[in-house]
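Okay, structure first, notes after.
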Amino acid sequence: MTNSISTRVVVLGSGPAGYTAAIYAARAGLSPVLIQGIVPGGQLTTTTDVENYPGFRDVIQGPWLMEEMQAQAEHVGTKVIWDHVSAVDLSRRPFRLTGDSGAQYFADVLVIATGAQAKWLNLPSEEHMKGRGASACATCDGFFYRGKKVAVIGGGNTAVEEALYLTNHSPDVTLIHRRDSFRAEKILQQRLFANERIKVLWNKEVETFVDGGGTAGLVALELRDTVTGELSRLDVEGGFVAIGHHPATELFRGHLELDADHYIKVETGTTRTSVPGVFACGDVMDKVYRQAVTAAGTGCMAALDAERFLAEADFEKVAEAAE
């Protein structure tokens, strides 16, 4: 028999945004159900050192932080379920979600915190060097490369912004682009070309992230010229892939309003989406900041928005019954 779960609030996603939303919803007495998704804990479970989350003087580990968030959510009354939602019906309330397990979830309110994944180059050597010199977030990891030579791979706004940011930590930043011109906005390009700490390598693509062996981590990038095919080597200790992100919104296409980059659109200053009773938080709606702490902040907002929505709906029901 198909398992059916009905609740006032379903939180979809288990990163900082999802767990924070669940914590606030549980403390409001809404008995939330949190569905973890394919990767419980989100992107922080693949991050080792975390040095910029408030409240910790020492470096902490991403997986540990997510375990603590889950434990706190469960402690205050969240029911955490491992499942992956593969279909949704947002045309009427209660909303219906169908999991790969066959379970049906019914909720008066849905909080979406499915996140976004950084795009990578999909090189075997890149996968091997993740956390050992290969990164997809300069804001997250740039601090660990103070005084070291680093490279950024990409040619859009994100790549140029990350190269500029890294000059706060590194005196030697190289931006590697496979074409002979950038797609980035002109104002960003002007700032880039005016910065003496940044060099640009045109018509180059990364072939290999070179492992120094032992505890050395990344020591170089092997490059191929996209015009001549010539191979070269760039000695660096940090390689930042900045070619964009994939927001996890495939499930909601045709159900919610998305922007041109497929992020969920929310009303300015809120987490309200185009469907009343559906709220979005974290990287699935934030293409600018993409930090654990900002995701947690919008998770709090989503729970508070959801609580107000339900309170108004309950008041309207009482008023209708009294008429």
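The values are calculated or read from the model by the stated rules, or taken from the named source; none is laboratory data. Since this is a predicted model, take the numbers as computed values, not measurements. Every residue, glycine as well, gets a Cβ built from its backbone with ideal geometry; the counts of neighbours run over all protein chains shown. We work out accessible area using only protein heavy atoms, side chains counted, and drop any ligands, DNA or RNA first. Shrake-Rupley method; radii C 1.70, N 1.55, O 1.52, S 1.80 Å.
Brief remarks follow.
- Hey, residue 217 over 13 Å from the mean Cα position of the chain (by Cα), at positive phi and buried (at least 16 other Cβ atoms within 10 Å of the Cβ) or not: yes
- When residue 256 is tested against the conditions (1) closer than 27 Å to residue 69 by Cα; (2) out of contact with any Phe, Trp or Tyr (no Cβ under 8 Å at 6 or more places or on another chain), the lone failure is (1).
- Test for residue 30: is it modelled with pLDDT of 95 or more and assigned to a loop (DSSP other than H, G, I, E, B): yes
- The set of residues in the range 81-100 being open to solvent by less than 60 Å² (accessible area, probe 1.4 Å) and aromatic (Phe, Trp, Tyr) consists of 95 alone.
- Strands (runs of 3 or more DSSP E) fully within the range 101-186 counting 2 or more residues that are open to solvent by 10 Å² or more (accessible area, probe 1.4 Å) and modelled with pLDDT under 95: 116-118
- Which numbered condition residue 68 misses (of (1) at pLDDT below 95; (2) assigned to a helix (DSSP H, G or I)): (1)
- Pairs where the first residue, in the range 292-308, is open to solvent by 60 Å² or more (accessible area, probe 1.4 Å) and the second is modelled with pLDDT of 95 or more, C-beta under 6 Å, 6+ apart: 301/271; 307/28
- The set of residues in the range 265-304 being assigned to a loop (DSSP other than H, G, I, E, B), of a type in the set (A, V, I, L, M) and more than 17 Å from residue 139 (Cβ to Cβ) consists of 266, 275, 285.
- In the range 187-206, residue least open to solvent (accessible area, probe 1.4 Å) [restricted to those that are more than 20 Å from residue 146 (Cα to Cα) and among the charged types (D, E, K, R)]: 204
- Conditions (1) closer than 22 Å to residue 141 by Cα; (2) over 25 Å from the mean Cα position of the chain (by Cα): number failed by residue 233: (1)
Conditions (1) crowded, with 24+ Cβ neighbours inside 10 Å; (2) in contact with a strand residue (DSSP E or B) (Cβ under 7 Å, 6 or more places away or on another chain); (3) modelled with pLDDT of 95 or more, marked per residue:
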position	(1), (2), (3)
11	yes, yes, yes
18	yes, yes, yes
40	no, no, no
62	no, yes, no
72	no, no, yes
